[in-house]
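Participant: Take a look at this one; I'll ask things after.
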Amino acid sequence: MSAKIIDGKILAAEVKSCAAQAVRFLQERYGITPCLAVLLVGDDPASQVYVRGKANDCEACGIESRVIRLPAGTTQAELLARLGTLAADSAVHGILVQLPLPRHIDPAAVIEAIPPEKDVDGFTPVNAGRLLNGEPCFAPCTPAGCLRMIEAAGVDLDGKHAVVVGRSNIVGKPAALLLMQKNATVTVCHSHTRDLAAVCRTADILIAAVGKARFITADMVKPGAVVIDVGINRGADGKLHGDVDFAPVSEIASYITPVPGGVGLMTRAMLMLNTVQAAAPKTAGDLGFSVKNPVRF
Ligand code: GUN
């Protein structure tokens, strides 16, 4: 069996066109142009690439972007002061602080300085708590993108066993909450999980968010499983590799996401939806972001 590939390029383009349409609506109806401020501290090369990608996506969707680049030596107090200014600026609807931050800055203190209503990354304790409680919130973009890929491929999660490998605040934990909201039965695995391979083999849906290239091998995958690869690992060869051993696993899975061209693109696209949502007045109602026609890949 050869898995169908859930194409992040196709789905991200669709999500961004949804965002662009909602931007036009907000402009015409309310005179609002959504604006995203991205703060980048230091010169981490991967972060530079991600931030450029986000600015390009904003431009493609008609969202204004303000990229604020600060030197690596910026103090925590200086960063908090910049955040205070952006928090108070009513023309800025979304604020994102690119992670990782230099080691002398406490990321938790920085994230907590973002007003929850501008927290388009969904990283603040308020949005994390709202997600936990099933209340309206900004969900983190990577797990939201994973769910969108599953849904857009027409896979029904109701009653299925989803196994999430990885328990980070950014991916693993929110992914588990989003999967539960869709009535999946969820197991979260991590570095201390006993017989990880056996647990993974029980998964109808397997989400790999480990951060280790080719960690999920074919013997860990149940025939017909849906495999979502969150990993972006740069190999010694300079190429990007996912957390999933793609070629052998795609012989076994029913659906699989590629790296590159998978979850990474969806993360960026979901950020556009969160930014448009952040700019929308409460009275604007449904902006039409839901999956309309699942794509049969
Ligand atoms: N660094 C890697 N991924 C992310 C992300 O989704 N958001 C932010 N702010 N930083 C990141």
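Participant: Any residue at all in the stretch 149-172 that is free of Cβ contacts under 8 Å to residues at least 40 places away in the same chain and within 22 Å of LYS54 (Cβ to Cβ)?
Facilitator: Our first condition is that a residue be free of Cβ contacts under 8 Å to residues at least 40 places away in the same chain; within the stretch 149-172, this holds for 156, 158-159, 167, 172.
Applying the additional criterion that residues be within 22 Å of LYS54 (Cβ to Cβ) yields none.
Looking through the stretch 149-172, none of the residues is free of Cβ contacts under 8 Å to residues at least 40 places away in the same chain and within 22 Å of LYS54 (Cβ to Cβ).
Participant: I've got another one for you. Test PRO140 against the criterion of being farther than 30 Å from SER254 by Cβ and within 15 Å of the ligand (Cβ to nearest atom), and give yes or no. Explain how you work it out, then say what you get.
Facilitator: On the way: farther than 30 Å from SER254 by Cβ: no; within 15 Å of the ligand (Cβ to nearest atom): yes.
Spelling it out, it is not the case that PRO140 is farther than 30 Å from SER254 by Cβ and within 15 Å of the ligand (Cβ to nearest atom).
Participant: Moving on. Which residues, counting only those in the stretch 276-297, are closer than 20 Å to GLU14 by Cβ and not hydrophobic (A, V, I, L, M, F, W, C)?
Facilitator: Of everything in the stretch 276-297, those that are closer than 20 Å to GLU14 by Cβ and not hydrophobic (A, V, I, L, M, F, W, C) turn out to be GLN277, ASP286, GLY288, SER290, LYS292, ASN293, PRO294, ARG296.
Participant: Report yes if ALA236 is over 24 Å from LYS9 (Cα atoms) and surrounded by 21 or more Cβ atoms within 10 Å (Cβ to Cβ), otherwise no. Write out each step before concluding.
Facilitator: Working: over 24 Å from LYS9 (Cα atoms): yes; surrounded by 21 or more Cβ atoms within 10 Å (Cβ to Cβ): no.
No, not satisfied.
Participant: Would you call THR275 within 19 Å of VAL230 (Cβ to Cβ) and polar (S, T, N, Q)? Break it down stepwise before answering.
Facilitator: Values: within 19 Å of VAL230 (Cβ to Cβ): no; polar (S, T, N, Q): yes.
For THR275, the condition - within 19 Å of VAL230 (Cβ to Cβ) and polar (S, T, N, Q) - is not met.
Participant: Related question: Within the stretch 262-269, is there a residue that is in a loop (DSSP other than H, G, I, E, B) and within 22 Å of the chain's Cα centre (by Cα)?
Facilitator: Quick first cut of the stretch 262-269, residues in a loop (DSSP other than H, G, I, E, B) only: 262.
Now narrow it down to the ones that are within 22 Å of the chain's Cα centre (by Cα): 262.
Yes, the stretch 262-269 contains a residue that is in a loop (DSSP other than H, G, I, E, B) and within 22 Å of the chain's Cα centre (by Cα).
Participant: When you look at ARG130, is it at pLDDT 95 or above, away from the ligand (no atom under 16 Å from the Cβ) and among the charged types (D, E, K, R), yes or no?
Facilitator: Numbers: at pLDDT 95 or above: yes; away from the ligand (no atom under 16 Å from the Cβ): yes; among the charged types (D, E, K, R): yes.
Taking the combined requirement at face value, the residue satisfies it.
Participant: Now a separate question. Do the conditions hold for ARG148, that is, is it surrounded by 20 or more Cβ atoms within 10 Å (Cβ to Cβ), of a type in the set (Lys, Arg) and either within 16 Å of the ligand (Cβ to nearest atom) or assigned to a helix (DSSP H, G or I) (or both)? Write out each step before concluding.
Facilitator: On the way: surrounded by 20 or more Cβ atoms within 10 Å (Cβ to Cβ): yes; of a type in the set (Lys, Arg): yes; either within 16 Å of the ligand (Cβ to nearest atom) or assigned to a helix (DSSP H, G or I) (or both): yes.
Criteria met by ARG148.
Participant: Right, another one. Could you identify the single residue in VAL165, VAL210, VAL188, VAL230 that is crowded, with 22+ Cβ neighbours inside 10 Å and over 15 Å from the mean Cα position of the chain (by Cα)? Explain how you work it out, then say what you get.
Facilitator: On the way: VAL210 fails: over 15 Å from the mean Cα position of the chain (by Cα); VAL188 fails: crowded, with 22+ Cβ neighbours inside 10 Å; VAL230 fails: over 15 Å from the mean Cα position of the chain (by Cα).
Among VAL165, VAL210, VAL188, VAL230, only VAL165 is crowded, with 22+ Cβ neighbours inside 10 Å and over 15 Å from the mean Cα position of the chain (by Cα).
Participant: For the stretch 186-199, check the following and say yes or no: at least one residue is part of a loop (DSSP other than H, G, I, E, B), of a type in the set (Gly, Ala, Ser) and touching a residue at least 12 places away in the same chain (Cβ under 8 Å). Full working, then the answer.
Facilitator: Let us first name the residues in the stretch 186-199 that are part of a loop (DSSP other than H, G, I, E, B), namely 190-195.
Next, only the ones that are of a type in the set (Gly, Ala, Ser) stay: 191.
Next, only the ones that are touching a residue at least 12 places away in the same chain (Cβ under 8 Å) stay: none.
No.
The values are calculated or read from the model by the stated rules, or taken from the named source; none is laboratory data. The structure displayed is predicted, hence computed values, not measured ones. Counting neighbours? That spans all protein chains shown, and the Cβs are built from the backbone with ideal geometry, glycine included.
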